[in-house]
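For reference, the structure discussed in these notes is given below.
The values are calculated or read from the model by the stated rules, or taken from the named source; none is laboratory data. From a predicted model like this one, the values you see are computed outputs, not experimental measurements. All Cβ positions, even for glycine, are placed from backbone atoms using ideal geometry, and neighbour counts span all protein chains on display.
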Amino acid sequence: MLDSHFFSFSDGTLCCESVRLDELAAQFGTPLFVTSRQSLVSQYRAFEEAFASLPHFTCYSVKANFNLSVIRALAEEGCGCDVNSGGELYRALKAGVPADKIIMAGVGKNEAEIKYGLTSGVMMIKAESISELRAINRVAEHLGKVAQVGVRINPNVTAETHPYITTGDSKEKFGIDEDGLGEVFELFRTLPNLELHGLDMHIGSQIFDPEYYVAATQKLLEVLESARHLGFDIKWLDLGGGFPVTYDPQKPATPITKFAEKLIPMLEDKGVTVIFEPGRFIAANASVLVTRILYRKKNHIGKEFFIVDAGMTELIRPALYQSHHEVLSVKQHDKSVVADVVGPVCESSDFFARHRTIDDAPEGELLAVLSAGAYGAVMGTNYNGRLRPAEVMVDGDEVTLTRRRETFEQLVQNEL
């Protein structure tokens, strides 16, 4: 989706805020991720405004885009972070996020990561199994600490989204089933280095219907009542993230205010601080992937291809999720063609668009793959020996290089 507030055409050329994308490509090369700082901040503020009347704390989900400059821009707004590994925790701390504004999640944290979280002083570690609770207790005991723990509940709510990003269904690996909560509560009574202060859920990503959140939140509130009845001091109720954004203009996302209208009345008098973990909602439409047309070709059946210098190694979502990303020519043209936009990687799934109407741009010109800010660079790979691209951030007319392009030497620097 073209965020007209921060990505727009000026004199026939696509710009990020006040900077032309062709000028950025000339300076930094392609492929190139270009991020609008103002878009990030605007989305965060829109989220905060929607839930302003609810006692809450927002933790940006670092897995969506862990570039240090992205995290730092949000931290400067007062946002916390949700991290899923020791590496993400390191990045959040490196970006200047205070440890007591970080919650640590992840279905498979090892003991070294648990230790890192506890010694860093994170706000809460979320556990997803009874075995993990025992591991957290062991590490905390060794450190002479009492761990502030949240338990992730699997509410068994199957939301209508891509099966690979559904996380609240009992068939999936995430969280603890309701049937296991009795044993969980009993465990907190016997393990001296754990304190239960949070309950958590996450039902998936790109959830367009607020009623799925209503159903899952109702289940979480029932668990809250049970926990309090047993004497536990629950301070945090974590509803996760998954709020939708628009990728395809034909399928606009439900406004965040519609979710707030449903959830605030359910939660405002429960005596807890509600935690939210938006990631995609903040980052997705804040970045584009700029790529150059290397070749155009047409086969014997008349099918046309734009072969570009970016591929699934930079943005795997179309290959992995069959997801839609708008593709625009950086320079506007009067004529259009129907073509596939494909990358250079040796896989048939290496494409950005199939049978798409696109400007009739010649070889050597630039295309912009939109909505590339979430699960783009973070899921990139070196497959085919490809170099990870540079990343820049634009703030008005100021441009900052936030990640250098990789070199061939870096491809082998850890090999012996």
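Among the residues of segment 351-362, the one identified as exposed (fewer than 12 other Cβ atoms within 10 Å of the Cβ) and in contact (Cβ under 8 Å) with a residue 40 or more places away in the chain is PRO362. Is it the case that GLY242 is closer than 24 Å to PHE57 by Cβ, modelled with pLDDT under 95 and not in a helix (DSSP H, G or I)? So GLY242 passes the test. Once segment 108-151 is narrowed to residues that are small (Gly, Ala, Ser) and assigned to a loop (DSSP other than H, G, I, E, B), the residue that is surrounded by the fewest Cβ atoms within 10 Å (Cβ to Cβ) is GLY144. Here is the figure for segment 325-348: residues that are more than 13 Å from GLY376 (Cα to Cα) and either of a type in the set (D, E, K, R) or assigned to a loop (DSSP other than H, G, I, E, B) (or both) total 14.
Restrict the check to segment 292-302 and report whether at least one residue is closer than 26 Å to SER36 by Cβ, buried (at least 23 other Cβ atoms within 10 Å of the Cβ) and of a type outside the set (D, E, K, R). For segment 292-302, residues closer than 26 Å to SER36 by Cβ, buried (at least 23 other Cβ atoms within 10 Å of the Cβ) and of a type outside the set (D, E, K, R): absent. Name every residue in segment 276-301 that is within 16 Å of the chain's Cα centre (by Cα) and either among the β-branched types (Val, Ile, Thr) or assigned to a loop (DSSP other than H, G, I, E, B) (or both), in order of residue number. Result: GLU277, PRO278, GLY279, ILE282, VAL288. Annotation: ASP233 fulfils all but one of (1) touching a His at 6+ places or on another chain (Cβ under 7 Å); (2) buried (at least 16 other Cβ atoms within 10 Å of the Cβ); the unmet one is (2). Scanning segment 382-401 for residues that are part of a strand (DSSP E or B) and within 16 Å of VAL19 (Cα to Cα) gives GLU391, VAL392, MET393, VAL394, ASP395, GLU398, VAL399, THR400, LEU401.
Is it the case, given these coordinates, that ASP269 is under 30 Å from GLU195 (Cα atoms) and surrounded by fewer than 23 Cβ atoms within 10 Å (Cβ to Cβ)? For ASP269, the condition - under 30 Å from GLU195 (Cα atoms) and surrounded by fewer than 23 Cβ atoms within 10 Å (Cβ to Cβ) - is met. The number of residues in segment 21-56 that are assigned to a strand (DSSP E or B) and over 22 Å from PHE352 (Cα atoms) comes to 1.
Report, ordered by the first and then the second residue, all pairs with beta carbons closer than 8 Å, sequence separation of six or more or different chains, a first member in segment 84-100 that is free of Cβ contacts under 8 Å to residues at least 40 places away in the same chain and assigned to a loop (DSSP other than H, G, I, E, B), and a second member that is of a type in the set (Lys, Arg) and surrounded by fewer than 20 Cβ atoms within 10 Å (Cβ to Cβ). Here the result reads ALA95/ARG72; GLY96/ARG72, each pair linking segment 84-100 to a residue that is of a type in the set (Lys, Arg) and surrounded by fewer than 20 Cβ atoms within 10 Å (Cβ to Cβ). Would you say THR400 is under 30 Å from TYR60 (Cα atoms), in the same structural domain as TYR321 (by TED's automatic domain parsing) and in contact (Cβ under 8 Å) with a residue 12 or more places away in the chain? The answer is yes for THR400.
Could you look through segment 23-77, keep only residues that are of a type in the set (Ser, Thr, Tyr) and over 30 Å from TRP236 (Cα atoms), and pick out the one that is surrounded by the fewest Cβ atoms within 10 Å (Cβ to Cβ)? Of everything passing the filter in segment 23-77, THR30 is surrounded by the fewest Cβ atoms within 10 Å (Cβ to Cβ). The residues listed here are GLU398, GLU409, GLU363, GLU391; of these, the one that is within 20 Å of the chain's Cα centre (by Cα) and among the acidic types (Asp, Glu) is GLU391.
For segment 376-386, the criterion of being under 26 Å from the mean Cα position of the chain (by Cα), at pLDDT 95 or above, of a type in the set (Ser, Thr, Tyr) and surrounded by 21 or more Cβ atoms within 10 Å (Cβ to Cβ) is met by none of the residues. Considering only segment 352-381, how many residues are in a strand (DSSP E or B) and among the hydroxyl-bearing types (Ser, Thr, Tyr)? Of the residues in that region, 1 qualify.
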